[in-house]
1. Which aspartates and glutamates have a Cα lying under 19 Å from the Cα of K175, excluding residues fewer than 8 positions away in the same chain?
2. Bin by bin, in steps of 10 Å, what percent of the Cα pairs in the chain do you find, going until the bin that has the longest distance?
3. Within the chain, what whole-number % of the accessible surface is contributed by carbon and sulfur, with the 1.4 Å probe and all protein chains included in the calculation?
4. What does the highest-first list of 128-136, 116-124 look like by mean Cβ count within 10 Å?
5. For the stretch 138-196, would you read off the P(r) tail past 14 Å as a percentage of all alpha carbon pairs?
6. Among bridges DSSP assigns within the chain, what percent are antiparallel (round to 5)?
7. Using per-residue counts of other Cβ atoms within 10 Å, averaged over each peptide, order 18-27, 35-44, 88-97 from highest down.
8. For the stretch 142-173, which GluC sites (Glu not before Pro) are both in a DSSP coil and crowded by at most 14 other Cβ atoms within 10 Å?
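The values are calculated or read from the model by the stated rules, or taken from the named source; none is laboratory data. Here the structure is a predicted model, which is why all the values come from computation and not from measurement. Here Cβ is always computed from backbone atoms with ideal geometry, including for glycine, and neighbour counts include all displayed protein chains. Accessible surface is based on the protein model in full, side chains and every heavy atom, while ligands, DNA and RNA are left aside. Shrake-Rupley method; radii C 1.70, N 1.55, O 1.52, S 1.80 Å.
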Amino acid sequence: MRVVDVGGRPVEVHIRRSSRVRGHRVVVRYGFPPEVVVRPRATDAEIDATIATHLDWLAKQLEKAVAPSLGLERLRLTAEQGRREARARITLIAQSEAAALGASYERITLRDQRSRWGSCSSKGALSFNWRLVLAPHDVLDYVVVHEVCHLVEHHHGPEFWTLVERRRPEYSDSKRWLDEHGWEILAYQPPLEVAA
């Protein structure tokens, strides 16, 4: 972690080493500190150079940061409570949609991902981000339907989107909501235990 002067204010920048990156890069995910992603053996000088190269870009990204609007800071939902509620709601929708499409899935897994809402494996295993429970019901519903549709269409081609639209004609509203507010849900920090 480094504290960097960005446009006259101190900004905490996290350093992450990854064997999957070819070049060094800076990542800004709203609701989280900026992150410098570097190769495993990157030197301090290389990290400093990467930060210096991206300083103007980083300042512009932080200026564009949107203020939170969902009020999640007042929420006292623990991860355990969220997972339990998410599993119940997601399972109901997945069972109903799979039956309607004549498809079946292997299992449902809940995860705490930082960038994905859901996935469908080639073997039919469905995975969802438990934080979807923090979104409006229509948004959670859309993500589940999206992944269940992958049981039939294993791609994002025109046939897939036609199927999603057939199942949820207003899906684009939910997709737009996630694009605008998803970062707040991903940034939610659940309490370790329920307040007394």
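1. Qualifying aspartates and glutamates at Cα under 19 Å: E97, D138, D141, E147, E153, E159, E165, E184.
2. 8, 28, 28, 24, 11, 1
3. On the way: 5740 of 11550 Å².
That share works out to 50 percent.
4. Values: 128-136: 23.0, 116-124: 14.9.
Ranking, from highest mean packing down: 128-136, 116-124.
5. Values: 1059 of 1711 pairs.
So the portion of pairs separated by more than 14 Å is 62 percent.
6. Details: 11 of 20 bridges.
Antiparallel: roughly 55 percent of the beta bridges in the chain.
7. Details: 18-27: 11.9, 35-44: 14.7, 88-97: 16.3.
Descending mean neighbour count gives 88-97, 35-44, 18-27.
8. On the way: sites: E147, E153, E159, E165, E170; in loops: E153, E170.
Hits after loop and neighbour filter: E170.
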